[in-house]
Structures are given as structure tokens and as C-alpha cells.
Amino acid sequence: MVLLAGGFGTRVAHLLPNVPKPLARVAGRPFIEWVVRYYAGCGIKRFILSTGYLSETIERYFADNPVPPIAVNCRRETIPLGTGGGFLNAIESFPDTGNGWLVANGDSLVVTNPCGLIQAARKSGWSASILGLEVSDASRYGSLQMASDGTLQSFAEKRTGAGLINAGVYWFAPGCCDGLPSKRPLSFEVDVFPYLIAKGMRIGVVPVAAPFIDIGTPSSLADAEAFIAGLSGKTKFF
């Protein structure tokens, strides 16, 4: 599984001087460690972290604080590559085991097993799948537009009201991303998924209603402590 942890976190940088956003301390651990431990509790034991801003800090943390038997490797981007570019850079030196690739953001957590993306895609014959999160207010996020067969049509602009948003959790079938554009930075929403759809690939959307937190704004970062604490005893963290 690839966790994207390369962003600058500009909206919360003043709260985290010299600390990359995924290492923000929440409920006694860096937030990204909670993400790793949650997905490990879902059965995933190999992680590749796509790091960028203050990458050496993230690398050093996991080197000094291993979580056996979970394998955490870091793959650094030396220039901003975007979400899609960071993903491709991360998997470059790691062979696909034949199961494809799960991808998620390292600064957010949806409390639902991501392996459901694989099961749904294989059942429906999709080349890739996206986790769609049902929210009461989609104003901070772009919404997903779906066709009647459950496949992705497009990413819509931010708008108020309830909607199905992109939760930032994806699965790609083996070989699905071969031949993607070489431009960098490369965005999943702007470049990768539109390219795959133009190639005739079916991209499925798996809707869920589940607890969700991201730490991208000062208010959501402040909420993260209570969110993680509230999961204690109810959710399996490795």
C-alpha cells in the first residue's frame, strides 16, 4: 500500500514548525502512524510512504520507531510530483505482487477496510476503484459524479450541501497505470483518472458512510485528537 505523505501542508504549517503534516502529534503518536496501524489492522503489512517536504524527518521517525512485523519503506520525491506522480515514483522500485496497488493519503483516515475496493473492482471488472465518502457538507471537497453502473464519470467542483466526495483512497489493477503521461506534477483527479477513462477503462466508485478525519486545516487538526480517542476500543489498530 502506498501512503502519500509529500505535501507542504501550507494551511497548518504555522502550527507545525519544522514538522511535516503527517507527523503531527495526535493522541500520543504521529498521525501517519495511526494511519499505518489502522490499515495494518485491516490486514495490510507492507507500506511505501511517498515523502517530499521534510522527508528525512518522516524517514527517521519510522527508522527509529519500527512497528514489527509491518514493513514501512520511504520513497522520496526530490521535486514536487503531485499525487499521481508521487505514487508512480513510490512504486518504481517495488514489484507489484499481482494484487495491484492500494493508495491512500497519509494525512487523512476513513474508517473502513480499503480491501473492499479490491473486492468490488474484481467483482465488477473495473480497472481501478475509488472510495466515495458520503458527507453532509461537501463544500471543502470536490464531488464524484457517477454513472448508473457505478463507474466514475467525472470530478465535480466544490459545492455546498450533501454529496459523495473523493476520500483519497484508491485501488489500481496490475498494469493499470502503465503508459500514464510523463508530465510532472501529475494529479490523480486532473490527469490520471481522466486519462484512464479516455483509454476506455472502467473506474468504479465504492460509496461508504464512515467516520473520516483529515488534518489539512487548523480546525480539522484540532479535531483529530478527539477523533482518534473516540475510536479507541471500537476500531482495530495494529
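The values are calculated or read from the model by the stated rules, or taken from the named source; none is laboratory data. Predicted model, so just to flag it, every value in this text is computed and none were measured. Cβ: placed from backbone, ideal geometry, glycine included. Neighbour counts: every protein chain shown. What goes into the accessible areas is simple: the full protein's heavy atoms, side chains included, and nothing from ligands, DNA or RNA. Shrake-Rupley method; radii C 1.70, N 1.55, O 1.52, S 1.80 Å.
For LYS236, go through the aspartates and glutamates and keep the ones whose alpha-carbon is under 16 Å away, minus same-chain ones fewer than eight residues off.
GLU33
Of LYS199, LYS183, LYS45, which has the most accessible area and how do the rest follow, probe 1.4 Å? If you can, show how the numbers build up before the last one.
On the way: LYS199 130, LYS183 105, LYS45 75 Å².
In descending accessible area the options line up as LYS199, LYS183, LYS45.
Please report, as a whole percent, how much of the solvent-accessible surface of the chain comes from carbon and sulfur atoms (probe radius 1.4 Å).
That share works out to 52 percent.
Take each of the peptides 95-101, 36-42, average the number of other beta-carbon atoms within 10 Å over its residues, and list them starting from the highest.
36-42, 95-101
Per the Cauchy relation, a quarter of the hull surface: what is the mean projected area of the convex hull of the alpha carbons in the chain, in nm²?
Approximately 12.5 nm², given one-decimal rounding.
At 0.36 nm per residue, minus the direct Cα-Cα distance, what do ARG159 and THR97 gain on full extension? Give it in nm, one decimal, please.
Between ARG159 and THR97, full extension yields 18.4 nm more.
What order do you get for 162-168, 66-72, 80-86 when each peptide is scored by the mean count of other beta carbon atoms within 10 Å, highest first?
On the way: 162-168: 21.1, 66-72: 12.7, 80-86: 23.0.
The packing order, highest mean first, is 80-86, 162-168, 66-72.
Which loop GluC sites (Glu not before Pro) in the range 42-104, with loop taken from DSSP, have no more than 14 other Cβ atoms within 10 angstrom of their Cβ?
Filter output for the range 42-104: GLU92.
For a bin width of 5 Å, list the pair-distance distribution of the range 90-177 built from all Cα-Cα distances, rounded to whole %.
Bins of 5 Å from zero give 3, 13, 22, 23, 20, 12, 6, 2, 0 percent of pairs.
Just the ratio, please: alpha-carbon radius of gyration of the range 170-223 over 2.2 N^0.38 Å, N its number of residues.
It is 1.53.
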